[in-house]
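The values are calculated or read from the model by the stated rules, or taken from the named source; none is laboratory data. These numbers come from a predicted model, not from an experiment. Don't worry about glycine lacking a Cβ; one is built from the backbone with ideal geometry, like all the others, and counts go over all protein chains shown.
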Amino acid sequence: MSLQKAVFPPIVAVFNHKGGVAKTTTAGNLAACLAALGYRVVLADLDAQGNATGSFGILPLPPIGAMDVITGRVPLDQALVPTAFPGLSLLPATTQLRTAELELAAHERSHQALREAFASQSIASHADIVIIDCPPSLGTITGNALAAAAAVLLPARPDPYSHEGLVNTWHEIKRLRQTANASLNVAGILLTMTGDDPTGGDVERSMRAEFGDQVYAHSIESDPKVTEAAQLGVPVAVLDPDGGAGAGYLLACEELVTRLRRHARHDVQPLAEPASHGDALNTLRDWRARLPGLQRRANQSPAWTAVQAANEDAFTPQPPPQTRPEKTGFGWPALIAALILGMAMGAAAMRFLG
């Protein structure tokens, strides 16, 4: 299928030139929340570190994934991995992404490889919306993501260094519009990890004043549950849907859907009406309730896999083996024998001394 005739679902690249802004956490949680809102979602992990893949408990990285689809070695439907959450599939990272720059250098249209792969493999038959977790650097892989995307979402921390990185990222997006994707929209700026810096409030007000309504009304607060969720291999929106970060991601996701529906394009399939907030929240709660043994497995390694998560029997506690109590000490027969022996020896000693 040619790029001109292909119709894509909305493809949203999650990107910031600066690391440490919860980019991967944002991509994974938005994907989970979109599935809870009733959409078929593909989360594409294009970061060689594979953190988005690992955040769903898929470790070690699988042998087949995103790079195989980009280069045409493997069909998309063979590379997609189902998750424990209905409607959400993962196009995982693989170690091959580490050599992507060299491998794609020979590609005639290196920055269009992902878009061409999605067109030829009919990504729209697999997803209503695609979320791409990009590497923090603006190399060939990120260029592919932004060339394929209809919109880019920018997570940013409200601190001076992150603000500077956001400005640089904004300029890079403008440059990409001129060279690779003239129709690339900005899906907004999502403030993350708020409330953990005394100066954060001032920086947040400054960013909102500078970027206006590009900044989402809802932000993601710092929450220790985010770290716990990462250790467990589940999105925090599933682990704690009513908590600070979990609730924030659902609200931000609904805002993302509103923005995408408002700026619909002729070459992008429109998004259907999402489920209500209450229904989505109940779905996340239900997914949480279907993860038995989560606390018991919190510190176990490796992380549980998506297949294990889908199979509740994998978490059924097994009864301890019925073993006989281990005998310790002398026991009563031995004690009585020792007393008799002691009395006999004492009598013999008295006769010897007498």
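Just a few scattered comments:
This table checks each residue for (1) under 13 Å from Ile131 (Cβ atoms); (2) touching a Lys or Arg at 6+ places or on another chain (Cβ under 6 Å); (3) outside any loop (DSSP other than H, G, I, E, B).
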position: Val12; (1), (2), (3): yes, no, yes
position: Gly20; (1), (2), (3): no, no, no
position: Ala27; (1), (2), (3): yes, no, yes
position: Ala31; (1), (2), (3): yes, no, yes
position: Leu43; (1), (2), (3): yes, no, yes
position: Asp47; (1), (2), (3): yes, no, no
position: Pro60; (1), (2), (3): no, no, no
position: Asp68; (1), (2), (3): no, no, yes
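- Extreme residue, farthest from Val14 (Cα to Cα), among residues of segment 249-294 that are of a type in the set (Gly, Ala, Ser) and without any contact (Cβ under 8 Å) to a residue 24 or more places away in the chain: Ala289
- For Ala93, the conditions (1) touching a Gly at 6+ places or on another chain (Cβ under 6 Å); (2) under 30 Å from Ser276 (Cα atoms); (3) among the aliphatic types (A, V, I, L, M) all hold with the exception of (2).
- From Asn144, Asn181, residue being within 19 Å of Asp47 (Cα to Cα), at pLDDT 90 or above and either in a helix (DSSP H, G or I) or not basic (Lys, Arg) (or both): Asn144
- Criterion violated by Ser89 - all others in (1) buried (at least 19 other Cβ atoms within 10 Å of the Cβ); (2) free of Cβ contacts under 8 Å to residues at least 60 places away in the same chain; (3) part of a helix (DSSP H, G or I) satisfied: (3)
- Remark: Asp68 matches the filter, which requires a residue to be acidic (Asp, Glu) and either under 16 Å from Glu116 (Cα atoms) or without any contact (Cβ under 8 Å) to a residue 24 or more places away in the chain (or both).
- Test: residue in segment 80-93 that is over 19 Å from Val14 (Cβ atoms), among the polar types (S, T, N, Q) and either over 22 Å from the mean Cα position of the chain (by Cα) or at pLDDT 95 or above (or both): no
Per-residue answers, yes or no, for (1) part of a loop (DSSP other than H, G, I, E, B); (2) at pLDDT 95 or above; (3) within 30 Å of Phe118 (Cα to Cα):
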| position | (1), (2), (3) |
| --- | --- |
| Asp202 | no, no, no |
| Val226 | no, yes, no |
| Ala247 | no, yes, no |
| Leu260 | no, yes, yes |
| Asn282 | no, yes, no |
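- Complete set of residues in segment 228-276 that are over 17 Å from Trp287 (Cα atoms) and of a type in the set (Val, Ile, Thr): Val257, Thr258, Val268
- Test: residue in segment 104-122 that is within 27 Å of Pro270 (Cα to Cα) and modelled with pLDDT under 90: yes
- As a summary of the residue check, Ala151 satisfies the conditions (1) surrounded by fewer than 24 Cβ atoms within 10 Å (Cβ to Cβ); (2) modelled with pLDDT under 95 except for the one numbered (2).
- For the criterion of being assigned to a loop (DSSP other than H, G, I, E, B) and at negative phi, Ala272 passes.
- Selection status of Ser162, of a type in the set (Ser, Thr, Tyr), in a loop (DSSP other than H, G, I, E, B) and closer than 30 Å to Lys225 by Cβ: no
- Scan of segment 195-224 for residues that are surrounded by 15 or more Cβ atoms within 10 Å (Cβ to Cβ) and basic (Lys, Arg), ordered by number: Arg208
- Residues in segment 1-60 that are in contact (Cβ under 8 Å) with a residue 24 or more places away in the chain, surrounded by fewer than 21 Cβ atoms within 10 Å (Cβ to Cβ), farther than 16 Å from Pro136 by Cβ and not basic (Lys, Arg): 9 in all.
- Tabulated pairs, segment 164-179, first under 11 Å from Gly143 (Cβ atoms), second of a type in the set (A, V, I, L, M) and part of a helix (DSSP H, G or I), C-beta under 8 angstrom, 6+ apart or interchain: Leu176/Leu146; Leu176/Ala147
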